[in-house]
1. Would you call Val177 modelled with pLDDT of 75 or more, in a strand (DSSP E or B), surrounded by 11 or more Cβ atoms within 10 Å (Cβ to Cβ) and not polar (S, T, N, Q)?
2. Under 6 Å between Cβ atoms, which residue pairs at least 6 apart in sequence (or on different chains) link something in the range 144-160 that is without any contact (Cβ under 8 Å) to a residue 40 or more places away in the chain and more than 27 Å from Leu122 (Cα to Cα) with a partner that is charged (D, E, K, R) and part of a strand (DSSP E or B)?
3. If I go through the range 108-118 residue by residue, how many of them are touching an Asp or Glu at 6+ places or on another chain (Cβ under 9 Å) and either at pLDDT below 80 or assigned to a loop (DSSP other than H, G, I, E, B) (or both)?
4. Does Gln269 meet the test of being at pLDDT 90 or above and surrounded by fewer than 18 Cβ atoms within 10 Å (Cβ to Cβ)?
5. Hey, could you check the range 137-171 for residues that are part of a loop (DSSP other than H, G, I, E, B), hydrophobic (A, V, I, L, M, F, W, C) and at pLDDT 90 or above and say which is farthest from Gly286 (Cα to Cα)?
6. Can you confirm whether the range 50-68 contains a residue that is surrounded by 13 or more Cβ atoms within 10 Å (Cβ to Cβ), outside any strand (DSSP E or B) and modelled with pLDDT under 90?
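The values are calculated or read from the model by the stated rules, or taken from the named source; none is laboratory data. This is a predicted model, so every value here is computed, not measured. So basically every Cβ, Gly included, is an ideal-geometry build from the backbone, and we count neighbours across all protein chains shown.
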Amino acid sequence: MVVASGEVVDEGERVTFQCYVPGKLNIQVNWHRQDGVPLSADTIVEGATLIIPRATLADTAAYICSVEDGYDGLTVDSAPAYLSVNPVEPTTEVVPVLDSSSKTVEEGDTVELHCTHTEQSLEVQWRREDDVELDFTRMSIENGILIIQNVHQSDAGKFVCFLEDWESGARTDYEPVNLLVNPSETTESPTTTVSSTPQTSPVEEAHHLVPVADVSSETVTQGDTIVLRCSLPDQEDDVLLAYWRREDGQLMSDEVVEQDGVLTITNAQPSDSGPYVCYTEDADTGERIESAPVYVTVIEATTSAPEPPVEPEPEWEPEPEPEPEPEPEPEPEQPEQCTLHKRH
């Protein structure tokens, strides 16, 4: 009989031993351990093949295949095949540490979501649980920290920290962080004049830099052209030009053209519906300043019912001329009557 002489494997690897007798077909082959210990429960014997799907340290042993001689009933054993299983150090799962499972901020504030770990080969990333793309014009990820500037109401939701292995590309998600955004409250307080020189507060100065859209909403029919204009009151040299973006973070369609604060959407589609904001940045602070949103609604065009076909008018034919009436036949002439007079 011929059998593999031996195997050296690591824990968890697959092991296969093959036993066969040259020139013998359809014989009964059995496998057993030389030390008499029963085969492990997950060991598979298929004919003359012994399979250990996931080797463990307890599987280290000498294995023997036995063949029964059909003539005299004697059992013939093969030479032992030695299996050596090397231990493997268990890997410790790297679990990122979140600073909080929920955060509440005010609209317009800056918020940081922290996710840290100790494994340098893994990269920390963030995503929204609803898979809406992050707005990286206001958001950034630095050393596992998601930073959101000028928080909007639309930023509210669950954010998921995940680890990505640079080598394998495997990704592991962890518990989400729920971000709650309270709407900002604008209150007016009486102004007290303390000098004859007008004073401008920082809030008033910032107000002069807020972009202003020409409309608050726009409703068009599918296929129409939309034009949104944005201006900067009291624009100064240290203020950049105005730009447009979708407030919900979605990318604008390829039909969008943006120039000098004017956003033009040709061949508008229902997918273009949504809130749009005009924004600028202060050249000194880099702070982004946005306009109030403009809500665009594109109504899907309906196909009108076809008009009924117009039946052609019958061709004009001249009316037949009336037949002439027959002339009356002349009455026959009456013969003249003679009157006889008697002569005397």
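1. Working: modelled with pLDDT of 75 or more: yes; in a strand (DSSP E or B): yes; surrounded by 11 or more Cβ atoms within 10 Å (Cβ to Cβ): yes; not polar (S, T, N, Q): yes.
Yes, satisfied.
2. Sorted first by the residue in the range 144-160, then by its partner, the list stays empty.
3. Pass one, the range 108-118, residues touching an Asp or Glu at 6+ places or on another chain (Cβ under 9 Å): 111-116.
Narrowing the set further to residues that are either at pLDDT below 80 or assigned to a loop (DSSP other than H, G, I, E, B) (or both) leaves 116.
Counting residues in the range 108-118 that are touching an Asp or Glu at 6+ places or on another chain (Cβ under 9 Å) and either at pLDDT below 80 or assigned to a loop (DSSP other than H, G, I, E, B) (or both) gives 1.
4. On the way: at pLDDT 90 or above: yes; surrounded by fewer than 18 Cβ atoms within 10 Å (Cβ to Cβ): yes.
Taking the combined requirement at face value, the residue satisfies it.
5. Here is the first cut: in the range 137-171, the ones part of a loop (DSSP other than H, G, I, E, B) are 137-138, 143-144, 149-152, 156, 166-170.
Next, from what is left, pick out any that are hydrophobic (A, V, I, L, M, F, W, C): 151, 156, 166, 170.
Next, only the ones that are at pLDDT 90 or above stay: 151, 156.
On the way: Val151: 15, Ala156: 23 Å.
Per the stated criteria, the residue is Ala156.
6. No, every residue in the range 50-68 fails to be surrounded by 13 or more Cβ atoms within 10 Å (Cβ to Cβ), outside any strand (DSSP E or B) and modelled with pLDDT under 90.
Matching residues to (1) closer than 17 Å to Ser78 by Cβ; (2) of a type outside the set (D, E, K, R); (3) touching a residue at least 12 places away in the same chain (Cβ under 8 Å):
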| residue | (1), (2), (3) |
| --- | --- |
| Gln28 | yes, yes, yes |
| Asp35 | yes, no, yes |
| Pro38 | no, yes, no |
| Ile44 | no, yes, no |
| Thr56 | no, yes, yes |
| Thr60 | no, yes, yes |
| Ser66 | yes, yes, yes |
